[in-house]
Amino acid sequence: MNKYFTHILAPVSLALLAIGFSACQEDDELPAITSEGKNTFGCLVNGDLWLPKGSFNVPSTAADYTSGYFLSFSARSENTTFRFTVEEPILINHRYDLTDTTRVRANYTNKTDNNLCFYKDYHVLNGSLEITKFSLAYQNKVLSGTFEFTTYNPDCGDTIKVTEGRFDIGDITY
């Protein structure tokens with residue numbers, strides 16, 4: 001039985017350990033830029049990786065389209081939320097200027113031990129949002145694109161620099 005474990009079960013155990021380790025590594029990097037409705041979102045916040053994390057019955061990403069009005073999508077974790085709103089018409093492969101809040105808005109909320117900081121659309125110092133795909137086709141709903149922005153809230157006293165942002169959301173309500 002010892003030989004059996006050494007020759008058969010030990011390599012299987014090592015393979016399972018390697019699979020488990022590689023799955024953990026995937027959570028430590030930005031998701032690929034895709035347009036398949038994979039419900040991914042990620043960015044760097046002041047150089048640190050930020051990925052959304054949902055909880056029981058609450059997804060980490062969401063999108064809502066109100067035809068004739070606007071598109072809204074968000075990503076959240078326990079202490080942080082990103083929310084973007086784009087008024088119609090929705091332009092594909094168009095770089096929206098996030099400082100022009102007449103048609104597009106970016107909001108960032110961060111809860112720390114001491115307070116809750118809201119970085120509203122009017123706090124954005126610079127940045128852009130680009131939607132690369134928007135489809136509401138049955139069983140092929142996709143909202144994907146990229147973003148980056150810098151925001152500042154004088155009440156919180158710090159600047160937040162968001163870079164390498166990307167999203168690929170398939171759960172779109174309308």
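The values are calculated or read from the model by the stated rules, or taken from the named source; none is laboratory data. Note that the coordinates shown come from a computational prediction; the quantities given were computed from them, not determined experimentally. No Cβ is skipped: glycine too gets one built from the backbone with ideal geometry, and neighbour counts run over all protein chains shown. Each accessible area value is taken on the protein alone, full model and side chains, heavy atoms only, with ligands, DNA and RNA left out. Shrake-Rupley method; radii C 1.70, N 1.55, O 1.52, S 1.80 Å.
Treat every Asp and Glu Cβ in region 46-174 as -1 and every Lys and Arg Cβ as +1, leave all other atoms uncharged, and give the resulting dipole magnitude about the Cα centre to the nearest 20 debye.
220 debye
Relative to the Cα centre, what is the charge dipole magnitude of region 101-153, using +1 at the beta carbon of each Lys and Arg, -1 at the beta carbon of each Asp and Glu, and rounding to the nearest 20 debye?
Working: 6 positive and 4 negative charges, 45 e Å.
I would put it at about 220 debye.
Quick one: if you stick a label point 7 Å off each Cα along the C-beta vector at Glu29 and Phe118, how many nm between them?
3.8 nm
Can you work out the PRE-style zone for Glu88? Point 7 Å along Cα to Cβ, and I want the residues of region 122-149 with backbone N under 17 Å.
Inside the label zone: 134-137.
At a Cα cut-off below 12 Å, give the aspartates and glutamates reachable from Lys38, other chains included and same-chain residues fewer than 8 away excluded.
Lys38 reaches Asp168, Asp171.
For the pair Glu36 and Thr159, how long in nm is the line joining their label points, each one 7 Å along Cα→Cβ?
The two pseudo-label positions are separated by 3.8 nm.
Along the positive direction of the dipole of region 72-143 (beta-carbon charges: Lys, Arg +1; Asp, Glu -1; about the Cα centre), which of Asn126, Thr80, Leu136 reaches farthest?
Leu136
What percentage of the solvent-accessible surface of region 47-102, computed with a 1.4 Å probe over protein heavy atoms, is contributed by carbon and sulfur atoms?
On the way: 1550 of 3170 Å².
Carbon plus sulfur share of accessible area: 49 percent.
List the aspartates and glutamates whose Cα lies under 14 Å from the Cα of Lys111, skipping any in the same chain that are fewer than 8 positions away.
Glu78, Asp155, Asp158
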